Every structure is written in structure tokens, then in C-alpha cells.
Amino acid sequence: MTKFLFCFALAISAPVFAAGQSKPVTPELAQQREARKAEIEQWTTRYDGYELKSGEFACRTPRIPQISKDNAEITAVGERVTKWQHCYNRFVDNLNKKEAPEARIPKDVFALMTPEEREKAIARIKAAQAEVGLTASVKAKTIMADYDAWRVATDAWVKDHNETTKHIQEEYGGDRVRRPTTIPSAGH
């Protein structure tokens, strides 16, 4: 009987370690982990990189018509695409920051994680960053393809319109038709 009590006493006084935890889990640490359980799970299982694509990095897709036939619209499309390009470049710079993935996790939450949870969270962050980057890249290629198609169609219309206007002026004299300006380059 005394051996049993002695073994039981040793078991109670021995430090308790959480799975993968290198330091003993005190009642206080266990309580903190329980209180922050949802945050730990957010980083290890549900993190999607939302902050990477929201706020100042939520680049609004510019409206690009198939063709523009007046100076005001040509200028407006160029300005919208340029504004989007500036936003997209800030987004890319933010996405490519040379910071460790775990730097995104609040330090107090990271300190509560086990080594396995940390590895899982870091892998989740890297996967989310890659997904956000890939999605944005595909969207950017689509926007630029739409812009290039608009530019070709609008350039052709402007050229044709200017030739027609020149012909009318030469044949009838005077400036009876207003000429569109050239298309802004928007980073090309």
C-alpha cells in the first residue's frame, strides 16, 4: 500500500507536457490554450490569407469596355487601369515581403502553440499565400488581356475615325468631326 501511494504521489507531482510541448503545461498555460483554442485552430486549419487581399490590397477590377469611341471614355479607361495597376503592385509587394510566415501570427498565440501546431500553422500560411498569389495572378492576366483587346479595338477605331475625318476635311474643308486623342499607355 505504501508503494502505491508513493507512485501515485510521484505521478501527481511530475510535470505534465502537452503533446509536442517542450515545456511543462502549467494550469495557467492550459487555461490560456483553452481560452485561445479558436485562434490556434484559425491559424492551423482555417487561415485563408484574408488580410493579404483586403483593405488597401483589395484592388477593384477596372471596368473595361470592348471599345471606346470618345476621348473622355478613352481617358477614363486608361485612368482606371492605371489605378488598378498601382493597387496590384502594392498587393504584390506586400505578398512578397521577406518576412517569416509565423510573423503573421500574433506572438502571444504563437507562444501558446505546440511545435506541431506551429509547423501546421506555418504550412497553412504558406499555402494560403500561394493560393492568394495564384488567384491574383490569374485575375491580373485576365484584366490585362481585356485591356490589350480594348486597346487594339480602340486604336483601330481611332485610326479609322481619324482617316475618315482627314478625308472629310480634305474633301469638304473645315474641322466638322472632332478627333479622338491617342490611347494612354497605362504601363505598357
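Computed extension gain for V152 through E39, at 0.36 nm per residue and net of the alpha carbon distance, reaches 35.7 nm.
Counting only Cβ charges, +1 for Lys and Arg and -1 for Asp and Glu, the dipole size of the range 22-170 around its Cα centre is about 300 debye.
Which FRET efficiency value, to the nearest 0.05, do you get for E171 and K83 by plugging their Cβ-Cβ distance into 1/(1 + (r/R0)^6) with R0 = 45 Å? Spell out each step's value before the answer.
Values: r = 41 Å, r/R0 = 0.92.
So the FRET efficiency works out to roughly 0.60.
Cα-based values for the range 28-120, radius of gyration first and Dmax second, are 20.8, 70 Å. For the pairs K83/K159; K37/K120; K53/K83; K139/K159; K37/K98, flag any whose C-alpha to C-alpha distance is greater than 23 Å. Distance filter (> 23 Å) returns K83/K159; K139/K159; K37/K98.
Go through 156-166, 71-81 and give me the packing order, highest mean Cβ count within 10 Å leading. Please report the intermediate quantities before stating the final value.
Values: 156-166: 13.5, 71-81: 17.0.
Final packing ranking: 71-81, 156-166.
Which parts of the range 61-95 would a label at K159 reach, counting a residue when its backbone N lies under 18 Å from a point 7 Å out along Cα-to-Cβ? Once the point is set 7 Å along Cα→Cβ of K159, 67-70 turn out to lie under 18 Å by backbone N, inside the range 61-95.
Here S54, S137, S68 are placed in order of increasing Cβ neighbour count within 10 Å, fewest first, which gives S54, S137, S68.
Here, each number is a calculation from the coordinates, and none is a lab measurement. In this text the structure is predicted, and so the values were computed from the model without any measurement. No Cβ is skipped: glycine too gets one built from the backbone with ideal geometry, and neighbour counts run over all protein chains shown.
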